[in-house]
Amino acid sequence: MTEDTLTIFELSKPGRRAFTAPSTDVPDVPVEELLPAGAIRERPAELPEISEPELVRHYTTLSSKNFHLDEGFYPLGSCTMKHNPKLHERVAALPGHARLHPLQDPEHAQGALELMWRLQGALGEIAGLPHVSLQPSAGSHGELAGLLLTRAYHEDRGEQRTKVLTPDTAHGTNPATVTMAGYEVVKVGTAPDGGVDLDDLREKAGEDVACLMLTNPNTLGLFDRNIEEIAQIVHDAGATLYYDGANLNAVMGVARPGDMGFDIVHFNLHKTFTQPHGGGGPGAGPIACSDRIEPFLPMPQVVRDGERFDLDFDRPRSIGKLRGFQGNFGVFVRSYAYICSLGADGLKEASEVAVLNANYLKAVMAEAGIAEYLPIAFDRLCMHEFVLSGQGAKDKLGIRTLDIAKRMLDHNVHPPTVYFPLLVDEALMIEPTETETKERLDHFAEVVRSILEEAQKDPEVARTAPHTTPVRRLDEAGAAKRPVVRWRPNGENPGDPERAQNAPASGSGAM
Amino acid sequence: MSRYTGVTDEDLKQMLEAIGVGSLGDLFADIPESLRLGRELDLPQGKSEQEVYEHLAAMAARNRHNEEEISFLGAGMYDHYVPALIDTLLSRSEFLTPYTPYQPEISQGGLQVMFEFQTAISELTGLPVSNASVYEGPSAVAAAGYLAKLETKRSRLVASRGLHPHSRAALRTHAAGYGMEVVEAPLDEDGATDVEALAAAVDDDVAAVFVQQPNFLGTVEDLGALSEAGKRSGALLVCAADPIPLGILKPPGELGVDVCVGEGQTLGNRLDFGGPSFGFFAAGERFIRKMPGRIAGETRDVDGRRGFVLTLQTREQHIRREKATHNICTAQALNALAGVVYLSWLGKRGLVELGELLLRRTHYAREALGLEAINPGPVVREFAVRVPELDALFERARAAGVNPGYRLGRDYPEFSDGLLVAVTERRTKEQIDRLAELIAAPAREAAPA
């Protein structure tokens with residue numbers, strides 16, 4: 001174990017501290033006089049004891065082991081890893097935003113409510129749907145909100161529907177959301193051109209179907225040319241059509257989900273509207289909807305009355321609250337700044353260049369030296385992303401998509417999304433985004449080409465990659481089989497007998 | 001060309017040629033003509049960085065924030081001091097701009113942070129398994145309801161009226177989806193959960209009982225008694241907890257709590273008008289394969305070096321799809337980083353010192369205000385009082401730059417004259433005395449000279 005993998009807990013030494021408590025200015029009453037004996041903690045939580053300089057060094061050292069977007073190319077399909085403008089951190093940190101309490105009277109939060117109201121308006125215009133709630137915390141939360149709205153809508157009409165349709169290319173969140181919302185998942189097949197299989201859809205879109213959840217462009221990066229017919233079939237069945245906004249970055253200012261016939265849309269502000277991903281959050285997943293869904297939107301809603309902005313809690317048919325307060329306001333600030341910076345012209349340009357970059361990279365990767373190993377899964381114009389199959393590399397070179405991805409780490413580029421969508425064998429899903437230059441795209445193609453060339457001579461290099469990273473391939477199976485999910489002193493897992501005795505719930509059993 | 005893209009005219013020409021199309025418009029050929037927008041979006045044109053900054057700064061200036069007034073507002077989010085090193089560390093691109101650690105070899109920093117976070121939450125809650133964070137507090141409560149459904153297959157949830165109103169609301173909203181009924185258990189005369197009424201509400205159909213420590217009014221609940229009353233028929237006990245008082249309060253895991261969730265804003269996160277912050281989710285070991293969200297685990301690489309990975313992923317949506325334990329993906333990694341840095345900054349002794357400071361100031365403030373207490377028993381961080389003329393107090397205090405707290409009437413009609421007063425280390429004795437003066441002012445004015 002090298003020193004730089006020690007956890008903060010292992011760096012602890014009794015007596016050290018980074019915190020100095022403010023001076024006590026109220027009577028120093030013993031804790032025992034203020035709390036009942038049974039409520040008092042008997043031993044302090046085993047938090048680290050560490051000085052400020054060592055604390056800063058520890059986390060700075062850890063940070064150096066992360067690859068990140070400001071460092072290099074990050075073509076993770078479906079994740080839209082576009083540049084995070086630095087202005088956004090500055091405006092989010094303004095005390096009027098960062099130090100504003102969520103329960104401040106609306107009278108004294110007019111700027112925040114105005115910002116939310118303006119963001120709602122912009123998102124509604126981009127989606128082509130008139131009503132917006134910013135409340136959901138993430139895309140997955142937005143999806144759940146969409147299905148809860150669907151349920152409320154049908155129940156309001158006295159209908160009990162039990163099924164939700166999702167394409168077999170859908171993100172895993174879609175079916176998981178369906179179950180959480182109390183519906184049964186029914187899969188719809190994919191046609192040879194990569195779109196929804198219309199015959200299959202017609203057959204399955206019965207009176208028991210509440211909703212079709214669709215991503216368009218879909219997870220293959222293809223725009224479904226039959227979207228109008230799909231909407232017709234779904235609406236004829238009395239169901240709602242839900243738009244998973246994961247891929248909205250392809251169509252801003254070009255086409256709008258509302259115009260395509262979608263009833264409910266969620267936005268991923270951390271994708272399309274460039275909230276930094278933070279190593280896995282925070283994000284936000286606002287939703288937009290049509291008039292017939294509006295009465296059921298979560299509360300409160302931000303409303304405008306003349307020059308005054310307010311929070312509307314008087315919504316008797318609302319599905320209620322999805323979370324605390326009004327949503328991830330700090331994310332709203334960044335996304336609103338982004339929309340202001342780009343404007344109508346820049347948003348459309350962003351989508352155009354995203355699609356240009358994807359098609360260009362696809363064309364470069366269709367050249368000899370790459371295409372025979374990584375053929376395109378559906379060979380037509382793509383939107384903002386495209387999917388290659390690693391079948392050729394597996395058959396001809398004996399290296400898998402995973403090996404190619406791991407070898408990319410040695411070249412300091414982040415691999416694409418791999419093994420998704422599920423219907424493409426050994427899939428690599430590549431989304432360059434609009435903020436990459438032609439040189440970056442060319443470089444990525446060269447990296448892939450060099451990995452494939454190297455594998456023709458010695459496939460073992462890729463099979464054992466990466467070689468230059470802080471750690472090499474990790475034993476994930478072992479980690480899942482015998483989970484160690486927290487640090488314990490002396491490495492004992494299961495916990496030591498003393499701990500088990502003092503704290504039965506925290507110390508019992510093997511981990 | 002916008003400042004965030006870099007396609008020159010020459011690039012465009014070469015790229016279109018390589019693709020084999022004549023124009024940018026040709027790339028969108030798959031979108032039927034009838035669906036093309038055919039006009040510009042009805043939004044202003046793009047602006048310079050400076051103009052955007054000024055526009056947002058002007059809006060921000062119309063908010064009265066916590067450096068502009070003395071605020072006793074809490075009710076779920078609290079005005080704690082956030083140390084400068086958190087700003088420094090969180091603004092590092094290495095933490096700010098990566099995606100979820102799908103490639104562990106180049107994400108060891110983020111993964112180790114998650115592991116350390118889980119350890120700290122496990123220590124605070126006294127429960128052995130913590131995930132790497134969920135969205136925020138109230139939706140974490142709802143996620144615990146879903147776990148209870150998966151675990152027990154029962155149909156009803158019982159929530160104490162001491163549970164945050166937003167948590168109760170989020171629980172109802174989510175439960176309407178997963179098909180469970182939520183019933184409330186009342187508070188007793190002292191503003192604590194009524195143990196007997198809770199016991200009476202629990203039967204074989206109840207999947208879980210929800211309580212909060214300290215409860216929404218700031219009352220320190222008798223978790224042991226609630227646990228005994230709530231778990232008799234095999235229901236799970238879910239406790240929503242404020243992590244800072246947990247530094248001095250007995251860990252929920254030692255009092256029979258099965259799942260402990262909570263709002264993490266108090267741990268080094270900004271107020272941000274309500275988010276983003278993080279939620280935490282900790283549970284007993286038997287729930288480890290039913291937990292929502294990401295979990296980091298320790299392992300070894302092929303050379304035997306220590307490393308960390310996302311583990312137990314067969315619970316999750318991207319693997320299990322409709323059989324997943326929750327639909328959540330990664331949630332609040334950056335906010336959870338702030339949480340573990342904050343806890344490390346406080347340290348083993350600092351958390352206790354801070355908790356004791358809050359405890360003493362809370363009791364001092366309740367006495368200093370001299371009003372009838374709604375919850376006269378032990379309180380920490382917050383307490384509720386009845387104010388004879390609440391509107392007048394607000395008017396007087398706001399004019400003097402003091403925000404007296406949260407009006408309980410919106411959520412608790414039975415306390416229409418109730419005021420919830422929150423105390424942090426930033427609210428000094430002098431500021432508390434100032435609020436007391438404002439409360440006493442009309443009496444003084446009315447008194448003869």
For this session: Can you run down the residue pairs with Cβ atoms below 9 Å, 6 or more apart or on separate chains, where the first is in segment A:45-62 and surrounded by fewer than 19 Cβ atoms within 10 Å (Cβ to Cβ) and the partner is aromatic (Phe, Trp, Tyr)?
Result: A:46/A:9; A:52/A:19; A:52/B:345
For this session: Could you check how many residues of segment A:446-471 are surrounded by fewer than 19 Cβ atoms within 10 Å (Cβ to Cβ), touching a helix residue (DSSP H, G or I) at 6+ places or on another chain (Cβ under 8 Å) and more than 15 Å from residue A:72 (Cβ to Cβ)?
Result: 6
Problem set entry | Every residue from segment B:21-42 that is more than 7 Å from chain A (Cβ to nearest Cβ), under 16 Å from residue A:382 (Cα atoms) and in a loop (DSSP other than H, G, I, E, B) | B:21, B:22, B:23
Exercise. Inside segment A:102-114, can you point out the residues that are within 16 Å of residue B:275 (Cβ to Cβ), assigned to a helix (DSSP H, G or I) and within 7 Å of chain B (Cβ to nearest Cβ)?
Worked result: A:112
Seminar exercise, completed: Over segment B:220-234, the set of residues aliphatic (A, V, I, L, M) and either away from every other protein chain (no Cβ under 14 Å) or part of a helix (DSSP H, G or I) (or both) is B:223, B:225, B:226, B:229
For this session: Take residue A:248 and decide whether it is modelled with pLDDT of 95 or more and of a type in the set (A, V, I, L, M, F, W, C).
Result: yes
For this session: Please verify whether segment B:335-342 includes one or more residues that are within 21 Å of residue A:41 (Cβ to Cβ), buried (at least 23 other Cβ atoms within 10 Å of the Cβ) and not hydroxyl-bearing (Ser, Thr, Tyr).
Result: yes
For this session: Among residues belonging to segment A:463-477 that are without any contact (Cβ under 8 Å) to a residue 40 or more places away in the chain and touching a strand residue (DSSP E or B) at 6+ places or on another chain (Cβ under 7 Å), point out the one that is nearest to residue B:313 (Cα to Cα).
Result: A:476
Problem set entry | Of residues in segment A:363-402 being within 14 Å of another protein chain (Cβ to nearest Cβ) and crowded, with 24+ Cβ neighbours inside 10 Å, the one farthest from residue A:451 (Cα to Cα) | A:383
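What residue, of B:111, B:41, B:90, B:56, is assigned by TED's automatic domain parsing to the domain that holds residue B:219 and out of contact with any strand residue (DSSP E or B) (no Cβ under 6 Å at 6 or more places or on another chain)? Don't jump to the end; show me each part of the working.
Numbers: B:111 fails: out of contact with any strand residue (DSSP E or B) (no Cβ under 6 Å at 6 or more places or on another chain); B:41 fails: assigned by TED's automatic domain parsing to the domain that holds residue B:219; B:56 fails: assigned by TED's automatic domain parsing to the domain that holds residue B:219.
Sole residue among the options that is assigned by TED's automatic domain parsing to the domain that holds residue B:219 and out of contact with any strand residue (DSSP E or B) (no Cβ under 6 Å at 6 or more places or on another chain): B:90.
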Problem set entry | Answer from A:412, A:328, A:359 - the residue that is of a type outside the set (Asp, Glu) and without any contact (Cβ under 8 Å) to a residue 60 or more places away in the chain | A:359
Exercise. Inside segment B:150-206, can you point out the residues that are part of a helix (DSSP H, G or I), out of contact with any strand residue (DSSP E or B) (no Cβ under 6 Å at 6 or more places or on another chain) and free of Cβ contacts under 8 Å to residues at least 60 places away in the same chain?
Worked result: B:169, B:170, B:173, B:174, B:176, B:177, B:178, B:195, B:196, B:199, B:200
Seminar exercise, completed: In segment A:151-189, anything over 15 Å from the mean Cα position of the chain (by Cα), facing chain B (nearest Cβ under 10 Å), closer than 19 Å to residue B:322 by Cβ and in contact (Cβ under 8 Å) with a residue 40 or more places away in the chain is listed as A:151, A:164, A:166
Exercise. Does segment B:338-355 contain at least one residue that is modelled with pLDDT of 95 or more, out of contact with any helix residue (DSSP H, G or I) (no Cβ under 9 Å at 6 or more places or on another chain) and either more than 11 Å from chain A (Cβ to nearest Cβ) or under 28 Å from residue A:276 (Cα atoms) (or both)?
Worked result: no
Exercise. Which condition number does residue B:146 fail, the rest of (1) farther than 15 Å from residue B:238 by Cα; (2) facing chain A (nearest Cβ under 7 Å) being met?
Worked result: (1)
For this session: Scan (1) buried (at least 24 other Cβ atoms within 10 Å of the Cβ); (2) within 17 Å of residue A:59 (Cα to Cα) for the single condition residue B:96 breaks and write down its number.
Result: (1)
For this session: Pairs only if they're at least six apart or on different chains, beta carbon under 6 angstrom, first in segment A:72-101 and more than 8 Å from chain B (Cβ to nearest Cβ), second among the polar types (S, T, N, Q) and surrounded by fewer than 22 Cβ atoms within 10 Å (Cβ to Cβ); list them, first residue then second.
Result: A:72/A:412
Exercise. Taking segment A:154-184, which residues are in contact with a Phe, Trp or Tyr (Cβ under 7 Å, 6 or more places away or on another chain), surrounded by 24 or more Cβ atoms within 10 Å (Cβ to Cβ) and farther than 27 Å from residue B:333 by Cβ?
Worked result: A:164
Seminar exercise, completed: Filtering segment B:324-337 down to residues that are more than 7 Å from chain A (Cβ to nearest Cβ) and either free of Cβ contacts under 8 Å to residues at least 12 places away in the same chain or touching a Ser or Thr at 6+ places or on another chain (Cβ under 7 Å) (or both) yields B:336
For this session: Could you check, for segment B:67-82, whether at least one of its residues is more than 7 Å from chain A (Cβ to nearest Cβ) and outside any loop (DSSP other than H, G, I, E, B)?
Result: yes
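Any chance you could count how many residues in segment A:250-284 are farther than 21 Å from residue A:381 by Cβ and not in a strand (DSSP E or B)?
The total comes to 21.
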Problem set entry | Every residue from segment A:324-352 that is on the phi > 0 side of the Ramachandran plot and either out of contact with any strand residue (DSSP E or B) (no Cβ under 6 Å at 6 or more places or on another chain) or not in a helix (DSSP H, G or I) (or both) | A:325, A:327
Problem set entry | Residue within segment A:113-129 that is assigned by TED's automatic domain parsing to the domain that holds residue A:293, in contact (Cβ under 8 Å) with a residue 24 or more places away in the chain and on the phi > 0 side of the Ramachandran plot present | yes
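The values are calculated or read from the model by the stated rules, or taken from the named source; none is laboratory data. Keep in mind the model is a prediction, meaning the values are calculated, not measured. Counting neighbours? That spans all protein chains shown, and the Cβs are built from the backbone with ideal geometry, glycine included.
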